[in-house]
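Step one of this worksheet: look at the structure below.
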Amino acid sequence: MSYVSKSPWVIHYDGSSCNGCDIEVLAALTPLYDAERFGVVNTGNPKHADIFIVTGGVNAQNAPIIKQIYDQMLEPKIVVACGACACGGGVYQSCYNVMHEGTRAVIPVDAYVPGCAVKPESIIDAVVAGIDLLEEKAKKMKKNPADKDRTDADAGHGVHASVANVDDVPGAGSADVR
Amino acid sequence: MELFGYSIWSFVGMAAFLVVGPIVGCLLAGLDRKLSAGMQGRVGPRIRQPWWDFRKLWGKEDATVNGAQDLYVWLYLIFIVLAGMAFFAGANFLLCVFIQTLGALFLILAGYASRSPYAELGAQREIVQVMSYEPMVLLVAIGMFMATGTFEVNSVLTADVPMIRWLPLIFAGLLYVLTIKLRKSPFDISMAQHAHQEIVRGIVTEFSGKTLALVELSHWYETVMFLGWIGMFAMWGGGWVAAVVAVVVALAVWFLEIVIDNNFARVKWQAMLKSAWWVALILGGINIVYLIFV
Ligand code: SF4
């Protein structure tokens, strides 16, 4: 076990949509769920974060912001898309400005969390599942520091694992819907 | 026993601070998070969590903004360690205070070095923090000299009565500025420890990976040194019983800091500066007048 799995610091970005998932992410930090038990710290700074939690829909306006946050994060890092909107537009999928692929339209996503809104339990599940991926990336980095495993080039195809199958998420993963 | 003309205990103190200091500081940081979580009705992380955080940061990708920043952060660490070693060697207290201040200034320079607006704002706020606590810390040194006739920590630790007998109000004043020095709420203006959202992250915004880990390490050293200052007030005669009393007092103050941290909301910097200077003026002033007439 490397140490990254014991101290996953998250940064959270809420795109458009209804803010429901945003609230649920914060709920995961409250005394009832207490994500800090697992060493999770909610940081506001991409440079300090290991896990990027995206909630809400991705649209033309916030896509560059999401890309920017992702680029500022340091390896090893993973991305978790939380909620139907972040996974694939959700109920807003057919809006004219919403990217129907969700987060992976902009950055590679490592884990998808279904739900509208996501349950705090599933968010914690996803973070804990994501920890294994972080672990893998950290090992790769150690072996070959030059290869930072930057997956920017294959944005949208860098799906390494999914907590739930994308197709299970209502309104997600159906790129050909329009 | 003597070595190079100094008591062997000076060397023991220095070595202990260098090696055991960060371990104790790390445990205290973990305890802080655990107790804070308890006070908020949460389970909280393990006590070892700060160590895991440190190791994780150490293994992250290297992305320093510029070389100067790293140099300043290293100097911050080095001067804090030197200040603590001077203190635990039983050397001059004034020397310890000045080296410590130099370290604090290097942290501020590191904040400015990145040229990021967030870090610069954090650095400006850190300057206000230093301005707020410095008068009281100097009054501690002045009171110490007036009460014991020396700046030597050694002689204070082996005096007949604990220094708090002569400096009760100055001790209270030091408690007040300790919250500012440890950057705890309500005075966590330059960099919040718990909220983690403070105008991104105050002075450490642009620090990442190893640089941030070094800052954490310096905090551990700092905490132990400041608690040492507190313990100094309760120590006398140089015996073991007195040493235990001093450690207990220091830990009690640490607990008090955590309670304060969890129960107060942040104040504006004006309130911090004004209140800290008033505290220094009133508590320090009355205590010094008392020393003049006793
Ligand atoms: S998935 Fe549902 S709850 Fe979450 S942001 Fe979208 S619409 Fe709101």
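The values are calculated or read from the model by the stated rules, or taken from the named source; none is laboratory data. Here the structure is a predicted model, which means the values were calculated and not measured. Every residue, glycine among them, receives a Cβ derived from its backbone with ideal geometry; neighbour counts consider all protein chains shown.
Summary of computed values
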| quantity | calculated |
| --- | --- |
| Selected residue [among the aromatic types (Phe, Trp, Tyr) and modelled with pLDDT of 90 or more] from B:Trp229, B:Trp240 | B:Trp229 |
| Segment B:171-208 - residue that is touching a Gly at 6+ places or on another chain (Cβ under 8 Å), small (Gly, Ala, Ser) and farther than 23 Å from B:Ala234 by Cα and, of those, modelled with the lowest pLDDT | B:Ala192 |
| Some residue of segment A:80-87 being away from the ligand (no atom under 13 Å from the Cβ) and under 24 Å from B:Thr205 (Cβ atoms) | yes |
| Residues satisfying the stated conditions in segment B:96-119, i.e. without any contact (Cβ under 8 Å) to a residue 24 or more places away in the chain and surrounded by fewer than 18 Cβ atoms within 10 Å (Cβ to Cβ) | B:Phe98, B:Leu102, B:Pro117 |
| Helices (runs of 4 or more DSSP H) (entirely within segment A:1-100) containing at least 2 residues that are at pLDDT 85 or above, more than 30 Å from B:Thr64 (Cβ to Cβ) and within 14 Å of another protein chain (Cβ to nearest Cβ) | A:20-27 |
| Filter result (free of Cβ contacts under 8 Å to residues at least 24 places away in the same chain and more than 23 Å from the chain's Cα centre (by Cα)) within segment B:7-44 | B:Ile8, B:Gly38, B:Gly41, B:Arg42, B:Val43, B:Gly44 |
| Hey, B:Ala68 surrounded by 23 or more Cβ atoms within 10 Å (Cβ to Cβ) and aliphatic (A, V, I, L, M) or not | no |
| Residue match in segment B:206-224 (condition: part of a helix (DSSP H, G or I) and over 30 Å from B:Val65 (Cβ atoms)) | no |
| Segment A:101-124, residues that are more than 14 Å from every other protein chain (Cβ to nearest Cβ) and more than 16 Å from the ligand (Cβ to nearest atom) | A:Val106, A:Ile107, A:Pro108, A:Asp110 |
| Those residues of segment A:1-16 which are in contact (Cβ under 8 Å) with a residue 60 or more places away in the chain, away from the ligand (no atom under 16 Å from the Cβ) and crowded, with 20+ Cβ neighbours inside 10 Å, in sequence order | A:Val4, A:Ser5, A:Pro8, A:Val10, A:Ile11 |
| Residue check, B:Thr150 closer than 24 Å to B:Val244 by Cα, surrounded by fewer than 18 Cβ atoms within 10 Å (Cβ to Cβ) and without any contact (Cβ under 8 Å) to a residue 12 or more places away in the chain | yes |
| Failed item, numbered, when B:Gly41 is tested on (1) facing chain A (nearest Cβ under 10 Å); (2) surrounded by 18 or more Cβ atoms within 10 Å (Cβ to Cβ); (3) of a type outside the set (S, T, N, Q); (4) part of a loop (DSSP other than H, G, I, E, B) | (2) |
| Selection status of B:Ile99, assigned to a helix (DSSP H, G or I) and within 28 Å of B:Gly285 (Cβ to Cβ) | yes |
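Okay, residues lined up against (1) more than 16 Å from the ligand (Cβ to nearest atom); (2) buried (at least 19 other Cβ atoms within 10 Å of the Cβ); (3) aromatic (Phe, Trp, Tyr):
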position	(1), (2), (3)
A:Cys18	no, no, no
A:Leu26	no, no, no
A:Thr30	yes, no, no
A:Gly39	yes, yes, no
A:Met73	yes, yes, no
